[in-house]
Amino acid sequence: MLEVKQVSKEYDGRRGVHQLDFTMERGEIVGFLGPNGAGKTTTMRMITGYLQPTAGSIVVDGQSVHDQGRAVRSKIGYLPETPPLYPDMTVQSYLKFVAKLRDVPAREIKLRVSEMVSRLGLQEREKQLVRGLSKGYKQRLGLAGAIIHKPDLLVLDEPTSGLDPNQIIEIRDLIRELGENHTVLLSTHILPEVSTLCNRMLIINQGQLVLDGSPQHFGSSMGDQFKVSIEVKATEQQLHNLLTPWEKVRSEVIQPSDGNSDTEQQETVKMLLTGESPDDFREELFYLLSGAGLPILEMKKENLSLEQIFLKLTTTESDAGSSGTHDLVMEESADSPTEEESK
Amino acid sequence: MRRMMAICNKELQAYFLSPTSYFAFAVYVLMTSLLFYSSFVYYQPSIVDYRLVLGDTLSMLLFVVPLLTMRLVAEEFRQGTDELLLTSPARVTEVIFGKYLASLAILIVLILCSLVYPFIMSFFGTLDLTSVWLSALGLFFLGGSMMAIGLFASTLSQHQMVSAVAGFIILLVLWMLDSFAGNTGSALQQWLDPFALTNRFDSFTKGVLSGPDILYYVTLSGVFLLLSIQIVERKRWR
C-alpha cells in the first residue's frame, strides 16, 4: 500500500529525515512515534505530497508520489496537526468545499456530507461557523474532511493532541472504526495510544527509524519477565536470606536500607523482583513475606512498557535525560480519563 | 475545472463575508463619487464626456486592488489551509486560477459600480456610448492585470499587510514606469512607455479597440499568474 524507500529530507542546512525506509500493508494501523522534532510531520507531509523529499521515493498503491502526484493525492486522506479549516465557513459548506476539491462526484456530495456529519457527531453544528467550534469539534471536522472522499490511505498527524480525555477516547474509537476499511498511519507521542490502536509501530528519532514492530510483540518480548517492585520493612540481610532460595525470582536492591544497620531502628528496603516467567508471583510473594513477619509497605507491578522501550531507543548516552523525551506524555491509565477531569 | 470553480466559489464567499472587501468598495465608491462631484457636478463642463471623470477615478484602483487581493493566498498560508489545498488532487494552477476568477468577478462588480457616473451624465447631454463601453472593457483589462499582480504579491508572504504593501509597490512602479525615465522624449522614456500600466488604457477611452493593447494586459496577467503558481508550487520544495 505504502512504500517509503530511502527517503531523506534536508531543510536549509538542517537534516529533517534521513534515509527512512518502511512499507505498510493494506489494512494496517501503524503508529508513528518519536519525540518532537524527530521528523514525523516531515515524513507525513512527504507521503501526502505537501513536501517533496530531497532523495528517495514514496510509492502509494503502485504509484509514485513524485510522478503521479495528483493520482496519489486523491487516494490519501490527510489530517495535519492543526486541522486546515476556514473559520468563516459553516461546517456544512466546509465539507461541501472539501468534497468538491477532492473529486467526490457531484450527485454524491450531499449524501457524503450528511454521512460525515452524522458519523462524526456534528449534527447539531451543521449551520455553525467553524470559528465558533471547540477544539474537539474542529478536530472532528478536520477528520471528516480527510475521509469524505473515502481514501485508501489515511494519514493523521497527532489526531488527539490538545483534546480533553473524553474527546481523545471518541477520536480513538473513530480511528479504530476507520481502521476496519482504511489503511491508517497516525503519529502521536502518547504511547498508550499506540498499544490500544495500532497493530504496528514505527519509532523514529532524529530523522531515522529506530524500531519497527508490533507493540504487543515488543511488550511481550521484552516483558516475558514479570516484574514487581516492593518496599518492605526489613533489613537487606533478612530479605536476602528469604529471597535467594526462591529460584524462579531474581531480586535486586534498588534502594538499600539507610546505612546504620546497627541501630535498633527499623528500616525499609526497596527491591525489584524479576520473575523468570511471565507468571504473576505477587500472591506467593505476599505469603512468603508475611510468613516471615516482614510487612510489605508497597508492592507495584512494573510494566516494562512502551515508555521504557521508547526512552531507550530515543535517548542517546550524551543527551540522556535532556531534550526530546521530556515531551513524552506518560499516560499510564489512558482509559480512565474521567478521574483526571473531575480533579 | 470543478475544483477551480469550487475554489472560486469559496473565494467569492470569503469576499462577501470579509469586512476588508466592504471597506475597499466603500473607499472606491466614496472617492470616485467625490471626484465625480468635483470634476463634473461642481464645474458643470460644457461638454459631457465620460473621460473627464474616468481619468481621475482610475488611480483609486491602485489602493483598492491590493486591499482586495492581499487575502487571497497569504491567508491560506497563515491558516495552514494551504496544506489542504496542496494535498488535494487539485493542481496549483487550478487553485490560483480559481482565486483569480473570483477576483475578476469582484472587479466586474466594481466596474458596474463606476458605470453609475456615465449613467448620471447621460441626463445632461449625449454621451459617446462606444467610448463608455470600451472604457468599461479597458477598465476590466487594466483591473484584471492589476488583480493578477495583487494575487502574486499575496503569494509572497503569509501576512496580509505585507502582501498589500508589496502589491501596492509593484503596481505603483508599473504605473509610474514612464515618468521614472525623466524627460519626455528621452530614449529610455520611449522604451519604457509601452510597458507603463495605464498608457495602454488611453486607447480604450478613445474608442479604439486594438489587439496589442489587449495582448499587453492579457500577457501581464498571464506572467504574474504564472509567477504565483511557481511560488506556491515551490513550497513543496522548501
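Only the coordinates and a few stated rules stand behind these numbers; no lab work does. Keep in mind that this is a model prediction, so the values were computed, not measured. With ideal geometry, Cβ positions are generated from the backbone for all residues, glycine too; neighbour counts draw on all protein chains shown.
Some notes on this structure:
- Here's the picture: charge each Lys and Arg Cβ at +1 and each Asp and Glu Cβ at -1 in the protein assembly as shown, and of A:214, A:35, A:82 the one pushed furthest to the positive end of that dipole is A:82.
- The alpha-carbon atoms of the range A:32-155, seen along their principal axes, cover 46, 36, 22 angstrom, with the largest extent given first.
- Taking other C-beta atoms within 10 Å as the exposure proxy, B:100, A:11 rank A:11, B:100 from fewest upward.
- Its relative contact order, with pairs defined as Cα atoms under 8 Å and 6+ residues apart, puts the range A:23-73 at 21 percent.
- Residue order, fewest to most surrounding Cβ atoms within 10 angstrom, among A:282, A:200, A:73, B:234: B:234, A:282, A:200, A:73
- Unit Cα scatterers, Debye sum, the protein assembly as shown: log10 I(q)/I(0) for q = 0.08, 0.09 Å⁻¹: -0.71, -0.83
- Förster-model FRET efficiency, 45 Å R0, residue A:301 and residue A:12, C-beta, rounded to 0.05: 0.40
- Ellipsoid equivalent to the range B:18-103 - semi-axes via the Cα gyration tensor, in Å: 39, 13, 7
- For the range A:1-100, applying the loop criterion from DSSP together with a ceiling of 14 other beta carbons within 10 Å to the GluC sites (Glu not before Pro) yields A:25.
- Percent of Cα pairs exceeding the 34 Å cut-off, where the set is the range B:2-237: 19 percent
- Global dimensions of the range B:124-238 from alpha-carbon coordinates: Rg and Dmax equal 16.7, 61 Å.
- For the options B:84, B:12, B:134, a Gaussian network treatment of chain B with springs between C-alpha atoms closer than 10 Å singles out B:84 as fluctuating the most.
- Using only alpha-carbon positions in the range B:40-179, the gyration tensor eigenvalues give semi-axes of 35, 16, 11 Å once each is multiplied by 5 and square-rooted (largest first).
- Here is the size of the range A:119-233 from its Cα atoms: Rg then Dmax, 17.8, 65 Å.
- Flagged links, alpha-carbon separation over 25 Å, of A:9/A:75; A:40/A:301; A:40/A:138; A:110/A:138; A:100/B:99; A:9/B:99: A:40/A:301; A:9/B:99
- Karplus-derived 3J(HN,Hα) values for the range B:82-99, using 6.51 cos²θ - 1.76 cosθ + 1.60 with θ = phi - 60°, are 4, 5, 5, 5, 6, 9, 8, x, 5, 6, 4, 4, 5, 4, 5, 5, x, 5 Hz; glycine and proline are entered as x.
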